Amino acid sequence: MTAPSLEVDLAGLRLRNPTILASGVLGVLSPALLSRAQEGGAAAVVTKTVTPEPREGYDNPVAVDLGFGYVNAMGIPNPGAEEAARELAGVVGSLRIPVIAGVGGSSARDLGEVVSALVGAGPDAFEVNASCPHVRGMGASLLDDPREFSDAVSAAAGAAGGRPVFVKLPPGDQVEAAGRALDAGASGLTAVNTVRAMVIDVYARVPVLSAGFGGLSGPAIRPAAVAAVYSLSEAYPDVPLVGVGGVETWRDAAEMMLAGASAVGVGSAVARRGIGVFGEIARGLAAYLESEGFSSVSELVGAAHRR
Amino acid sequence: MIRSVHVPAEILEVEPLAPDISSFRLALPSGLGSSPGQFVMVWVPGVGEAPISVAWEEGREVGLVVARRGSVTSALHSSSPGDRVHLRGPLGRGFSLAGVGRALLVCGGYGCAPLLGLARRASGSGVEVDAALGFRSAELAILVGEFGAASSSVLLATDDGSAGIRGTAVDAAERMLRGRRYDAIYASGPEPMLVEALRRLRGAAPRFQLSLERLIRCGLGLCGACEVCGWRVCSDGPVLDARMLVGCPDLGVTWRDRTGRPTGRPGLGGGRGEEREERGKGIGGGKGGEGVRMGGGREVIP
């Protein structure tokens, strides 16, 4: 019997396995660093969110390790669309795997501008960050204005030159927002971003992060992510989904795919387990598929819905 | 579960070592369990958080050598015994002494701080240690007596010849290499000095490790802000093997600003704008944007 196939099709992107570096992690446009993710087994990378203008992000502290997950508020540091386009071209030229450009902004105009600036660099797809929990006027607050949100997705899709556009959603019930994104031209959905969170130091007696609020990631949020993916998959069974949230092992990845994800984003595990975590997940999935009698990993996608 | 939330630390003693460089002795609830070369993030609530190398650790006490660089280090310099700061760590990877019988330490400026902890750890476990220390001038020479106590011999160098030999730490190291063989060379200091050390000392010992200092944000290996040639200084480093840095075009040449954009050396002509705190972290014990250069040599402690 031949070894089971790990290849998946994600909105037309051919992935050698279902693991993708999640946005914001290893979040500089460095060909050398992102190549390490590729060598570590990642089948695609999503870049840090790029905004129209440069952002320095927040002052330290920007992250805390709670053991069961991280709480971070970086403040979307990025060099701005113009500079990012230059650096992105270098990344696209260096990597053999698909590169998905993370994009963000506070309006339809911003999104159109960023995608237009980056499209020439040749990314394979875009991911609109509609879910950052701690930057006011950006990320999740895009969802507060349904009209602006739809316009933003359509502006991104319109400027993407036919490349797939994913929309990254926050945790919780986002079936309605997802519907608006799809109506506006999104090719797929990424779920979930971090969970809005805060850590207060009991000796300093103030919030630790300089921004106050941040986003919780890691194993703590995995069941919430599975629930979100399951709901989206139930509502939109034919839409490509990337499941993100606390995936660290092949078992986590298999669970996310059974819930309906065609691929899984891996973020915090890169720090917790090392950059080789992608390959570890892929190898574990292969062994699982073989022992359970599957011929392709894509047979897992959404299988938990067919009771 | 390994977690790295902050722990409160009481400042027991502040000792000025040189203009704008002081040594801080801190008491923690319990020991950090750090290895030489690892660092902590020092948080001053309301001000910020900066990476500082652990200079030494003993029981519940930790020593940090801090150069005044930005808001957090300035706040530390204004603090007094009895004040409290908050530490998370130890973070990153330190030096490896495994299998080493005789080591040469090469450092410049406040980059000497993490090597002091290494010298003490090494000599305490039977490793013979020699140290080549470089500073701009006698006034800026720090920790010389401490290295003397933990080393077989120390060669001091200053750029202007006001103490020790005239020259750099790398010059001093070359001199020490003339008469002896070492199992390992450990270097820490400003990046241009490390580039020089790589160029001139690589191959002189089977093991060669360097401690780097870069802008550090999360400190956990997540955000990528400290990347240099594919390595995350906060988690793959701050101590990296020389072979990981061979052919690295960014070393001593390209840094990243807070937006992640490649830029010139922070604090010098090529940088953009004023320093913010996380730039040029005190990881080398506080090497930094100051252009600390090493100098030549004379045997201070035979």
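The values are calculated or read from the model by the stated rules, or taken from the named source; none is laboratory data. Please read all numbers here as calculations on a predicted model, not as lab measurements. Note that we place each Cβ from the backbone using ideal geometry, even for glycine, and neighbour counts take in every protein chain shown.
Among the residues that make up region A:89-98, is at least one of them among the small types (Gly, Ala, Ser), surrounded by fewer than 19 Cβ atoms within 10 Å (Cβ to Cβ) and within 29 Å of A:ARG283 (Cα to Cα)?
Filtering region A:89-98 for residues among the small types (Gly, Ala, Ser) gives A:89-90, A:93-94.
Subset that is surrounded by fewer than 19 Cβ atoms within 10 Å (Cβ to Cβ): A:89-90, A:93-94.
From the residues that got through so far, the ones that are within 29 Å of A:ARG283 (Cα to Cα) too are A:93-94.
Taking every residue of region A:89-98 in turn, at least one turns out to be among the small types (Gly, Ala, Ser), surrounded by fewer than 19 Cβ atoms within 10 Å (Cβ to Cβ) and within 29 Å of A:ARG283 (Cα to Cα).
Residue-wise test of (1) at pLDDT below 95; (2) among the aromatic types (Phe, Trp, Tyr); (3) closer than 22 Å to A:ASP59 by Cα; (4) surrounded by 24 or more Cβ atoms within 10 Å (Cβ to Cβ).
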| residue | (1), (2), (3), (4) |
| --- | --- |
| B:GLY219 | no, no, yes, yes |
| B:LEU222 | no, no, yes, yes |
| B:SER235 | no, no, yes, no |
| B:ASP241 | no, no, no, no |
| B:VAL246 | yes, no, no, no |
| B:PRO249 | yes, no, no, no |
| B:VAL253 | yes, no, no, no |
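Criterion first (over 14 Å from the mean Cα position of the chain (by Cα) and more than 10 Å from chain A (Cβ to nearest Cβ)) does B:ALA98 satisfy it? When the stated conditions are applied, B:ALA98 passes them.
Okay, residues lined up against (1) in contact (Cβ under 8 Å) with a residue 40 or more places away in the chain; (2) closer than 14 Å to B:ALA103 by Cα:
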{"site": "B:ASP171", "(1), (2)": "yes, no"}
{"site": "B:GLU174", "(1), (2)": "no, yes"}
{"site": "B:ARG181", "(1), (2)": "yes, yes"}
{"site": "B:ARG200", "(1), (2)": "no, no"}
{"site": "B:PRO206", "(1), (2)": "no, yes"}
{"site": "B:LEU212", "(1), (2)": "yes, no"}
{"site": "B:LEU215", "(1), (2)": "yes, no"}
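Evaluated against (1) within 14 Å of chain A (Cβ to nearest Cβ); (2) assigned to a loop (DSSP other than H, G, I, E, B); (3) surrounded by 17 or more Cβ atoms within 10 Å (Cβ to Cβ), B:TRP43 falls short on exactly one condition, (2). Taken over region A:100-120, residues that are crowded, with 23+ Cβ neighbours inside 10 Å, touching a Gly at 6+ places or on another chain (Cβ under 9 Å) and touching a residue at least 60 places away in the same chain (Cβ under 8 Å) amount to 2. B:PHE24 falls short on exactly one of the conditions (1) within 14 Å of chain A (Cβ to nearest Cβ); (2) under 18 Å from the mean Cα position of the chain (by Cα); (3) of a type outside the set (Ser, Thr, Tyr), and that condition is (1).
Return yes when A:TYR230 is free of Cβ contacts under 8 Å to residues at least 60 places away in the same chain and surrounded by fewer than 24 Cβ atoms within 10 Å (Cβ to Cβ) and no when it is not. Explain how you work it out, then say what you get.
Numbers: free of Cβ contacts under 8 Å to residues at least 60 places away in the same chain: no; surrounded by fewer than 24 Cβ atoms within 10 Å (Cβ to Cβ): yes.
Against the criterion (free of Cβ contacts under 8 Å to residues at least 60 places away in the same chain and surrounded by fewer than 24 Cβ atoms within 10 Å (Cβ to Cβ)), A:TYR230 does not qualify.
Strands (runs of 3 or more DSSP E) fully within region A:1-119 that include at least 2 residues being closer than 19 Å to B:CYS218 by Cβ and within 11 Å of chain B (Cβ to nearest Cβ): A:63-65, A:70-72. Out of everything in region B:1-34 that is of a type in the set (A, V, I, L, M) and outside any strand (DSSP E or B), what residue ends up being surrounded by the fewest Cβ atoms within 10 Å (Cβ to Cβ)? Residue satisfying both the conditions and the ranking: B:ILE2.
Every residue, every condition in (1) among the aliphatic types (A, V, I, L, M); (2) modelled with pLDDT under 95, yes or no:
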position	(1), (2)
B:SER125	no, yes
B:ALA131	yes, no
B:PHE135	no, no
B:LEU143	yes, no
B:VAL154	yes, no
B:ASP159	no, no
B:ARG166	no, no
B:ALA169	yes, no
B:ALA187	yes, no
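When A:ASP238, A:ASP201, A:ASP252 are checked against the criterion of being within 14 Å of chain B (Cβ to nearest Cβ) and either of a type in the set (D, E, K, R) or under 24 Å from A:VAL8 (Cα atoms) (or both), a single residue qualifies: A:ASP201.
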